[in-house]
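Okay, so here's the structure we're looking at.
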Amino acid sequence: MQQEELSDMDQKNKKTSLADNAVLGIFRNNVGIIGVLIIMCAIVSFATDKFLTPNNIISVLRQISINAYIALGMTLIIILGHIDLSVGAIVAMSGTLTVGLTVNQGLPIGAAILAGIVLGTLAGFVSGCVVSRFRVPAFIITMAMMNVCSGVAYVYSGGQSTRINDDFFVAIGTGYLFNVIPLPVVYMVILIALCSFVLGKTRFGTYVYAIGGNREAARLSGVPIKKVEIIVFTLSGFLSAFAGLVLCSRMYSGQPSVGSGYELDAIAACVLGGTSMSGGKGRISGTVFGAMVIGVISNGLNLIGVSSYWQLIVKGLIIACAVLLDAQKDKLAILKKKQAA
């Protein structure tokens, strides 16, 4: 009995040790972006006393969650060495069609939600097929898909927002778990855990890194490049469609203009979190901290009263600085390899 108790205690200690190491690893790998996040929080807190209030913190978490859904898929795409400019338009299209199919066409809410998600996922699938089968640059085809999805949203809605009051649908984006945690934040945590597991613990994740690091070497190693690319773009379309669903639920309406600029925030979160634009490098945890920084900046500028136009300038400068730092890191890495050789 004592031996069994000791073995149980050893197993518990091992699990605790593994969990502690995982947490320490996350902080060690993202020390730079965590430092930036702390500095930004301190600056905003100094500028306004409204930042650290419970209501505002919940608001920030909700804002972060929408960007996080999209940025998770964008992380996979950038690690592959591609880019997806259609995510914001998919958000608008999926949300607008979901609400419109229920309010205007009388479709049951469950069927409308499924239709919106499927259409967004299909858009990602089509982009992935064109990129992988015809080797068209992802920048071009996703820009084309951005126009298509945005056009579908505007044509279907006539450029007008559509109001919805269905209790079940509204609860998706405004409800709470245990009357404390907003449901969008719960979805975010679940999706982060799933994407982290897929990218870090599965063969598929290894394939994603391998393709982004060296496409030709991956091909020679037998990696199913086309299949992986299609799956990644499809996942990005699904996550963007889900973001559109949650967002229009929060706004009680479907609006064809809501996704404008969301691709900018998603790319910024990825790059700030250490995902290399040249492919092959990146972490989900870094993207999450990057999304937090973007959320804090947006929220802080809103509280201070800075115009949304100036916020675009700030975000653009942040992306530019992050890309320059990423380029310098790559140069230093190359120099170290040469010196070691």
> In debye to the nearest 20, how big a dipole does the stretch 161-242 give about its Cα centre with +1 on each Lys and Arg Cβ and -1 on each Asp and Glu Cβ?
Replying inline: 420
>> Highest mean first, how do 103-114, 61-72 rank when packing is the count of other Cβ atoms within 10 Å averaged over residues?
In response: 61-72, 103-114
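Using the Cα gyration tensor of the stretch 95-198, with a ≥ b ≥ c the square roots of its eigenvalues, what is the shape: rounded (a/c below 1.5), prolate (a/b larger than b/c) or oblate (neither)?
Oblate, because a/c is 1.5 or more while a/b does not exceed b/c.
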>> To the nearest 20 Debye, how big is the dipole of the chain about its Cα centre, given +1 on the beta carbon of each Lys and Arg and -1 on that of each Asp and Glu?
In response: 1040
> Using the 10 angstrom Cβ neighbour count as an exposure proxy, how do Ile77, Ile117, Ile304 rank, fewest first?
Replying inline: Ile304, Ile117, Ile77
> Rounded, prolate or oblate: which fits the stretch 174-323 when a ≥ b ≥ c are the square roots of the eigenvalues of the alpha-carbon gyration tensor, with rounded for a/c under 1.5 and prolate only if a/b beats b/c?
Replying inline: prolate
>> Semi-axes of the equivalent ellipsoid for the chain, please: Cα gyration tensor eigenvalues, times 5, square-rooted, ordered largest first, whole Å.
In response: 32, 27, 23
> Taking one equal scatterer on every alpha-carbon of the stretch 158-211, how large is log10 of I(q)/I(0) by Debye at q = 0.16, 0.24, 0.27 1/Å?
Replying inline: -0.68, -0.89, -1.00
> For the chain, list the DSSP H helices whose alpha carbon atoms reach 20 Å or more along the long axis and whose average Kyte-Doolittle value is -1.0 or above?
Replying inline: 31-47, 54-80, 87-103, 109-134, 138-157, 183-201, 225-251, 284-304, 308-340
>> With unit charges on the beta carbons (Lys and Arg positive, Asp and Glu negative) and the dipole taken about the Cα centre of the stretch 35-328, which residue among Ser221, Thr75, Gly110 sits farthest to the positive side?
In response: Ser221
> Among Met143, Met188, Met74, which comes first, then next, by fewest other beta-carbon atoms within 10 Å?
Replying inline: Met143, Met188, Met74
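Assuming 0.36 nm per residue, please report the length gained on full extension of the stretch Lys226 to Val31 beyond their Cα-Cα distance.
Gain on stretching Lys226 to Val31: 66.7 nm.
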> Taking neighbour counts of Cβ atoms within 10 Å as a proxy for exposure, in what order, fewest first, do Asp166, Asp265, Asp49, Asp84 appear?
Replying inline: Asp49, Asp166, Asp265, Asp84
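Quick note: the coordinates plus some simple rules give every number you see, no bench work behind them. Keep in mind that what you see is a predicted model, and the values were worked out from it rather than measured. All Cβ positions, glycine included, derive from the backbone under ideal geometry; neighbour counts span all protein chains shown.
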